[in-house]
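What follows is a single structure, written as structure tokens, with notes after it.
The values are calculated or read from the model by the stated rules, or taken from the named source; none is laboratory data. No experiment lies behind these values; they were computed from the predicted model shown. Heads up, the Cβs are rebuilt from the backbone with ideal geometry, glycines too, and the neighbour counts pull from every protein chain shown. When the accessible area is computed, the model is the full protein with side chains, heavy atoms only, and any ligands, DNA or RNA have been set aside. Shrake-Rupley method; radii C 1.70, N 1.55, O 1.52, S 1.80 Å.
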Amino acid sequence: PRHPDTVEVFACDFGQAWDLNYDRWPDRWQRVFGEGMPKYVEAGIVADEAAPNGSRLTVKVNGGGAKLLSPCASVSEKFSYKVESLLDVRGLQHARVRLQVEFCDEQKQVIETVDSPWRQNTGGWVDCHIGPISPTDPRVQLARVAFIVEPGELTDLAGEASLARVWLGRLPRMTIESNSAYNVYTNPSDVEVKCDL
């Protein structure tokens, strides 16, 4: 269950409400092209009964990678943020997949990024979470989630990576520090903990 003080900032389940023109591409999402991210790599919404809303965003790895960007949501450096999603990766031998949160300024220039661990062949749907994370730059105004498929040194001609239910939530910003670098003590009376909220 989510923290009771969480406020939803962005949510996408790739259902029909996210594809109003029936082009199998989520509305307002963007795709980045460049080195290692060719246009011939297929990406789009695919029906899937196992996905939470009956559909998923899938990249079919065919000798290249891809980077897909969610719409931007308003954020502030005064809060912490958490990303929750579902990831399904299958059939990859060399490529790898992860999510990334990009914190941007008003012009959508990336200022800070936070990554999930790389994944390969998850064996079905698995949770992929990032955070809670707190942006530190006061210029941060926007945030978006990037779905990244990075090709390996050798080429994968088959395999796919799928994303479902992307959710970004806001939390009160909290930091906890102790007076021991590794939180190890020999005397319980020496313990000091500082919490900033």
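Looking at the stretch 1-13 only, could you name the residues that are at pLDDT 90 or above and either basic (Lys, Arg) or open to solvent by 80 Å² or more (accessible area, probe 1.4 Å) (or both)? It would help to see each step written out before you state the result.
Within the stretch 1-13, the first condition is being at pLDDT 90 or above, and the residues that meet it are 7-13.
Residue satisfying the conditions is Glu8 alone.
For the stretch 1-32, name all the residues that are farther than 20 Å from Gly54 by Cα, touching a Leu at 6+ places or on another chain (Cβ under 8 Å) and assigned to a loop (DSSP other than H, G, I, E, B).
Within the stretch 1-32, His3, Asp5, Thr6 qualify.
Yes/no matrix, rows are residues, columns are (1) polar (S, T, N, Q); (2) assigned to a loop (DSSP other than H, G, I, E, B); (3) on the phi > 0 side of the Ramachandran plot:
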site: Arg144; (1), (2), (3): no, no, no
site: Glu153; (1), (2), (3): no, yes, no
site: Leu163; (1), (2), (3): no, no, no
site: Val166; (1), (2), (3): no, no, no
site: Leu171; (1), (2), (3): no, no, no
site: Asn183; (1), (2), (3): yes, yes, yes
site: Thr186; (1), (2), (3): yes, yes, no
site: Lys194; (1), (2), (3): no, no, no
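With Ala50, Ala73 as the choices, which residue is open to solvent by 50 Å² or more (accessible area, probe 1.4 Å), in contact with a Phe, Trp or Tyr (Cβ under 7 Å, 6 or more places away or on another chain) and under 30 Å from His3 (Cβ atoms)?
Working: Ala73 fails: open to solvent by 50 Å² or more (accessible area, probe 1.4 Å).
Just one listed residue meets the conditions, Ala50.
Does the stretch 171-197 hold any residues that are under 28 Å from Thr113 (Cβ atoms) and open to solvent by 80 Å² or more (accessible area, probe 1.4 Å), and which are they? So that I can check it myself, show each step before the final result.
Filtering the stretch 171-197 down to residues under 28 Å from Thr113 (Cβ atoms) leaves 171-178, 181-183, 194-197.
Passing the criteria: Met174, Ile176, Glu177, Ala181, Tyr182, Asn183, Lys194, Leu197.
With the requirement that a residue be touching a Gly at 6+ places or on another chain (Cβ under 6 Å) and either surrounded by fewer than 17 Cβ atoms within 10 Å (Cβ to Cβ) or charged (D, E, K, R) (or both), what does the stretch 91-145 give you?
Let us first name the residues in the stretch 91-145 that are touching a Gly at 6+ places or on another chain (Cβ under 6 Å), namely 91-92, 94-95.
Once the filter is applied, which keeps residues that are touching a Gly at 6+ places or on another chain (Cβ under 6 Å) and either surrounded by fewer than 17 Cβ atoms within 10 Å (Cβ to Cβ) or charged (D, E, K, R) (or both), the stretch 91-145 yields Gly91, His94.
Condition first: surrounded by fewer than 17 Cβ atoms within 10 Å (Cβ to Cβ), in a strand (DSSP E or B) and either acidic (Asp, Glu) or at pLDDT 95 or above (or both). Now tell me which residues in the stretch 33-43 satisfy that. Walk me through it before giving the result.
The initial filter retains those residues of the stretch 33-43 that are surrounded by fewer than 17 Cβ atoms within 10 Å (Cβ to Cβ), namely 33-36, 38-40, 42.
Then keep just the ones that are in a strand (DSSP E or B); that gives 34, 42.
Across the stretch 33-43, the qualifying residue is only Glu42.
When the stretch 98-131 is examined, which residues are found to be of a type in the set (Asp, Glu) and not in a strand (DSSP E or B)?
Of the residues in the stretch 98-131, the ones of a type in the set (Asp, Glu) are 102, 105-106, 112, 115, 127.
Listed by number, the residues that qualify are Asp105, Glu106.
Just the residues that are open to solvent by 100 Å² or more (accessible area, probe 1.4 Å) and within 19 Å of Ile148 (Cβ to Cβ), please, taken from the stretch 14-29.
Of the stretch 14-29, the ones open to solvent by 100 Å² or more (accessible area, probe 1.4 Å) are 20, 22, 24, 28.
Selection gives Arg28 alone.
Being modelled with pLDDT of 95 or more and under 18 Å from Asp156 (Cβ atoms) narrows it down to one residue among Thr122, Thr58, Thr113; which is it?
Details: Thr122 fails: modelled with pLDDT of 95 or more; Thr113 fails: under 18 Å from Asp156 (Cβ atoms).
Within the list Thr122, Thr58, Thr113, the selection yields Thr58.
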